[in-house]
Amino acid sequence: MGHHRPTTRSKNKRSRPDETAEATTESFRKIILTKTVTEDDVHQLYNVWRPVCQGCRVNSKDNPNCFCGLIPPPNGSRKSGLWQKTSEIINSLGPDPSKDLRSSSSTPAGLTNLGATCYANSILQCLFMNKSFREGVFSVEPQILEGEPVLNNLVRLFAKLHSSKMAFVDSAPFIQTLELDNSIQQDSHEFLTLLFSLLERCLSQSKVSKARTIVQDLFRGGVSHVTRCSKCGNESEASSKIEDFYGLELNVKGLKSLDESLDDYFSIEELHGDNQFYCDACATRADATRSIKLRSLPAVLNFQLKRCVFLPNTTAKKKITSLFHFPGELNMAQRLPDCSELNLVYDLSAVLIHKGSAVNSGHYTAHVKDDNTDEWWEFDDENVSNLGQEPFGPTSSISTVNIGQNEPVDYSSSVKEKDTLLDDSNMNVNQPHSLESNGIHHSKTFSSVDAYMLMYALKASNSNSQRNAAQSLGHKIESDSSLVSQETDGSLPSHILEDIELSNAAYLDSCEQYKSKKEFMLNHIMVRRQEVRLVLSKAPVQPLETPYFWISSDWLRHWADSAMPSIIDNTSILCLHGKLPLSSISCAKRLSAEAWTNLYSQYGGGPTLTKDDYCTDCIFEMGRNMARANVYRDQRLLMKELAEAALSGEHLDGKLYYISKSWLQQWLRRKNIDLPCDADSGPTASIRCPHGELMPEIAAGAKRILVPESLWMFFQETAMEVKPDDSVGRSTFSSESEPCATCGIELTEAAYSEDSLREFKLKQRLNHEKLCMNKNIALCPQIKYYLVPSSWLTKWRSYVNAGGKNAFSAELDALNSVVDMLLCEKHSKLLGRPPELLWKRDLIFQKPSVTDGMTIIAEDDWRLFCEDWDGTESKGISAKIEIDSDVRDDNIGTCIDMSIPEEHLHINDGMHNGSSRRLLVKTSPQVCEECIGERECSELMRKLHYSNEDICVCLISGKEPPKSILEASGSISEPSRRTSKRSRKSTYGNSVNLNVSGTTSVYQLKMMIWETFGVVKENQILHKGSRVIDGETASLADMNIFPGDILWVTDSKIHENRDIADELSNTNLEVHVAEEGFRGTLLTSAISSQAVSEAYLNY
């Protein structure tokens, strides 16, 4: 039993076009006959009879009852409009400000990165998280802040970080006040040092003691450079001088921990030999020691880890990324001379991280400890993350050291904190120590490959006793119990608090506005979608007799897809009579009365089009046009038979008329023509001459043909109907019309001139057959020849061989003027060298010359050229060929020497006895070597100073390049030489065109190749032909690399691959940029902040 296909519903099937067209034609025929339009006619013509669509994929234009496709399926969406995804609708409202809301007051706020200001953001966060420093700047008087824009913006920045409701604060006002370049990455330690100096000057005017010296009290310490005589123990006078510091710069190269770096910093240097020290006490040069001694310690001790080292060989900087260990607690008592009994314990309070392998790029972040909660926070510009109780997050409990990650290190075999028992009697300031003292002490040690600065804060519990004990020993501890106490933060100053409250209120208001706008939009979208579904469900009209209304499809589509629809607009579907024409039926839909009432009551507009608002005038006009089309098609069918008979050459009776043959052929090719069109005009336009008469048939495009009178009258009537004012295009020419005599004479003369030119070119080809065919003729010694420019000969060859449309190409220059151009004005000698010669099968031939060279021609060719091209035979440049191995006669002419290998001679007559012979070309006049040398020098200079030109570089995967690449690479590039199309279009596999200049260095070219092919520059072996291109500092012009050259490169794969960004960041250019530092900013300006403020006020 066979399977039967299910029966599909017929109501959604489209009727066959033939059936619909026949029914429409029958309706029009009935309307024209009866001159009335019935309701059945309207149903047929306006497609009212079509069934209501159910399930069409797209909205059908020829069915006014189809409402499919106006909205997506129940679970569908669209890219825009009312039916967008909810997430996309919310995104259209713009960014949600509440996403930037600070989660809680205990969570620190971030800082915006303005491009490359992460170095400043990290330092600012470290300073802000220092409670003593924050309170110190908050205590500055308002009148001081008004005169110090830098200090004022810093206070306001700290106030926003303290009390802003936003999760991050805009750092632009402070950065712009310092006049920093947002696009240049700077060194964070240099920024901190210069900022401290600037703040010291700004705060010096404050009368609040806590604020005036806050920078010095917290961050400034002192050291001395001590030089001691080994013989008498006397110290130099400079040893007593104390130098201030904001941070100690420690070496990390070859050192593993902070302890080792401090030992290296305070190590003793022995001065011997030429480095001996002159001792005043000994009154002679003597051996000595030199070291750095701490004189005072700040409350906040900063360590700058010198991860950037200078490479003298490459004049670049490199970052050291070795693992570095540092403790959570640091006892500096043993580092301060004669204070070993003190317990100067510092807690790790901040770690500045520099991510990235390059020196002048990368990214700065800060890990800072909150003194109130002992929690660590990571500050990454706008993003702030809680790290818990460890500086590098929860993973800090892992004991395994993993290079490349920030994690703690436990020197013991377990994860436990280490216990170390130390004997103070064995301590020496210049010898390595453990990081703990005074018995058993617990401390964690951390490590990082990216730590760039370490900040340690003096423990507050021991600050008073430490300070008193140190002062009793004559030393100064730069700390104050009030500065490192654990007191809680006070409120913001009143003059700052008001601005912060206003800013917070404005921000919270924007959050509420966005929330209200979002709720309104989502509710509105939901209501609109329900409305559209409801109206479209009631839109179809089922019985034909039910009242209905017409509405524009475009407006309905816009209404169904818009969140904010406009008023109803039916003007686009109206005719001139204000009704619905048949031509607009594809742009209109038929709505039920209920659906129309809902739409009209809510949106208004119009005009209203009921079921009776069809346009009878347009229906009658369309019916008449259809009738005319039927008549025209019938007439055209009859005329087509006559036209085909005329073209086939059949005998035609009656009176005949001329029309254009090409026009008639185009007329026959047109199909499915219902009414005359523009192409029916001008049947005789191309055969009418400017004098209004019949154009002679020898003229281009004037071919004509005779057609019967009935066909001509049909053509004339249709042309008049299409273009009534075009009388020229339908000019009448009967079979008795004579061609225009004037035009005939002109055309005859032109044809004679063309025939004469054709005969002249034929004569030239016959007289110079070999030259015309570009055949290389054999040359004989002691025979007189002549030289002509190769460029002139090429133009002559193109001229005599041109035909068809190119037959009337421009003539050549006269030979006399061409010969004059070959001679120099200064010496009247030949300004060019004759072509090179070669042996081939016992015959002498000339090498093919470039376009700006010369060609040797026979004496007969020269004589005939002079007759035809205005030349004087005696003015020609003659040439003779001689064979000589030893003699060179400079008095006869210039000789071109060519060494001919013996295997190419094959001479049997004894003429060439020897291993090699020279072919001499003697010219008259002689070659002017002086002028040629000057010209070649000028051309070479032009080639050396090229810019923005292309060269081709091919990457070869094997050991040897293909022969085609090797030959193309080794050939000499000649810009004036014309290459074939095949050569110009050649590609060489994995190749690329690089835009370079003559001053481009080989290093820069290798960087381009690295970026293109991914081959590191150390592995690139660059060739031009068989020559290897060495040396990165040389320019391309120095290496004879010119525009159009083809180079090839191989990958040695000796060195490991690395990121090109590392190389780019270490170039000399970037070293130069780094050396600029903060030059030009307010941090290094000699102008005071007060002067800057006054300048702003005056502006």
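Here are some notes:
- From 131, 210, residue being open to solvent by 10 Å² or more (accessible area, probe 1.4 Å) and farther than 24 Å from residue 109 by Cα: 210
- Subset tally (residues that are over 23 Å from residue 875 (Cβ atoms) and touching a helix residue (DSSP H, G or I) at 6+ places or on another chain (Cβ under 7 Å)) for the stretch 742-776: 4
- Selection from the stretch 897-949 of residues that are out of contact with any helix residue (DSSP H, G or I) (no Cβ under 7 Å at 6 or more places or on another chain), of a type in the set (Gly, Ala, Ser) and at pLDDT below 50: 899, 910, 914
- Counted residues, the stretch 644-690 - those being of a type outside the set (Val, Ile, Thr) and part of a loop (DSSP other than H, G, I, E, B): 20
- Test: residue in the stretch 222-231 that is of a type outside the set (Phe, Trp, Tyr), open to solvent by 20 Å² or more (accessible area, probe 1.4 Å) and in contact with a His (Cβ under 6 Å, 6 or more places away or on another chain): no
- Tally, over the stretch 670-694, of residues that are surrounded by 20 or more Cβ atoms within 10 Å (Cβ to Cβ) and among the aliphatic types (A, V, I, L, M): 2
- Criterion (surrounded by 12 or more Cβ atoms within 10 Å (Cβ to Cβ), free of Cβ contacts under 8 Å to residues at least 12 places away in the same chain and either out of contact with any Leu (no Cβ under 6 Å at 6 or more places or on another chain) or in a loop (DSSP other than H, G, I, E, B) (or both)) met by exactly one of 87, 77: 77
- Tally of residues being under 18 Å from residue 737 (Cβ atoms) and open to solvent by less than 30 Å² (accessible area, probe 1.4 Å) across the stretch 696-718: 9
- All positions within the stretch 799-812 that are modelled with pLDDT under 85 and touching an Asp or Glu at 6+ places or on another chain (Cβ under 9 Å): 807, 808
- Matching entry among 498, 512 (being at pLDDT 90 or above, surrounded by fewer than 13 Cβ atoms within 10 Å (Cβ to Cβ) and part of a helix (DSSP H, G or I)): 512
- Failed criterion for residue 563 (all others in (1) in a helix (DSSP H, G or I); (2) small (Gly, Ala, Ser); (3) in contact (Cβ under 8 Å) with a residue 24 or more places away in the chain hold): (1)
- Among (1) at pLDDT 85 or above; (2) at positive phi - the single one residue 613 does not satisfy: (2)
- Filter result for residue 239 (open to solvent by less than 20 Å² (accessible area, probe 1.4 Å) and at pLDDT below 85): yes
- Scanning the stretch 999-1031 for residues that are closer than 30 Å to residue 854 by Cβ and modelled with pLDDT of 85 or more returns a single hit, 1024.
- Any hit, the stretch 276-299, residues being in a strand (DSSP E or B), under 16 Å from residue 449 (Cα atoms), open to solvent by less than 70 Å² (accessible area, probe 1.4 Å) and not small (Gly, Ala, Ser): no
- Hits in the stretch 648-669 - residues which are open to solvent by 30 Å² or more (accessible area, probe 1.4 Å), hydroxyl-bearing (Ser, Thr, Tyr) and either in contact (Cβ under 8 Å) with a residue 12 or more places away in the chain or within 19 Å of residue 736 (Cα to Cα) (or both): 658, 662
- Sole exception among (1) touching a residue at least 40 places away in the same chain (Cβ under 8 Å); (2) outside any loop (DSSP other than H, G, I, E, B); (3) open to solvent by 60 Å² or more (accessible area, probe 1.4 Å); (4) of a type in the set (S, T, N, Q) for residue 504, by number: (3)
- Filter result for residue 757 (outside any loop (DSSP other than H, G, I, E, B), without any contact (Cβ under 8 Å) to a residue 60 or more places away in the chain and surrounded by fewer than 12 Cβ atoms within 10 Å (Cβ to Cβ)): no
- Checking residue 349 against (1) at pLDDT 90 or above; (2) among the small types (Gly, Ala, Ser); (3) open to solvent by less than 10 Å² (accessible area, probe 1.4 Å), the condition it does not meet: (3)
- Qualifying positions in the stretch 591-647 - open to solvent by 20 Å² or more (accessible area, probe 1.4 Å), within 22 Å of residue 38 (Cα to Cα) and in contact (Cβ under 8 Å) with a residue 60 or more places away in the chain: 610, 611, 613, 614, 616, 620, 622, 624, 626, 627
- Residue list for the stretch 368-396, restricted to those being within 21 Å of residue 113 (Cβ to Cβ), open to solvent by 20 Å² or more (accessible area, probe 1.4 Å) and assigned to a loop (DSSP other than H, G, I, E, B): 382
- Inclusion of residue 784 among residues that are over 30 Å from residue 832 (Cα atoms) and over 51 Å from the mean Cα position of the chain (by Cα) is not warranted.
- For residue 321, the test of being at pLDDT below 90, open to solvent by 20 Å² or more (accessible area, probe 1.4 Å) and at positive phi is failed.
- Considering (1) modelled with pLDDT of 85 or more; (2) hydroxyl-bearing (Ser, Thr, Tyr); (3) open to solvent by 40 Å² or more (accessible area, probe 1.4 Å), the lone condition that residue 786 does not fulfil carries the number (3).
- Selection from the stretch 1019-1037 of residues that are open to solvent by 10 Å² or more (accessible area, probe 1.4 Å), assigned to a strand (DSSP E or B) and of a type outside the set (S, T, N, Q): 1021, 1023, 1024, 1027, 1028
- Restricting attention to the stretch 869-885, the residues that are over 20 Å from residue 927 (Cβ atoms) and in contact with a helix residue (DSSP H, G or I) (Cβ under 7 Å, 6 or more places away or on another chain) total 5.
- Only one of 567, 585 that is within 28 Å of residue 78 (Cβ to Cβ), open to solvent by less than 70 Å² (accessible area, probe 1.4 Å) and within 52 Å of the chain's Cα centre (by Cα): 585
- Contact annotation: residue pairs with Cβ atoms under 9 Å, 6 or more positions apart or on different chains, pairing a residue in the stretch 356-369 that is touching a residue at least 60 places away in the same chain (Cβ under 8 Å) and of a type in the set (Ser, Thr, Tyr) with a partner that is open to solvent by 40 Å² or more (accessible area, probe 1.4 Å) and assigned to a loop (DSSP other than H, G, I, E, B), are 357/321; 357/1058; 357/1059.
The values are calculated or read from the model by the stated rules, or taken from the named source; none is laboratory data. None of the values given here were measured: they were computed from a predicted structure. Here Cβ is always computed from backbone atoms with ideal geometry, including for glycine, and neighbour counts include all displayed protein chains. Accessible surface is based on the protein model in full, side chains and every heavy atom, while ligands, DNA and RNA are left aside. Shrake-Rupley method; radii C 1.70, N 1.55, O 1.52, S 1.80 Å.
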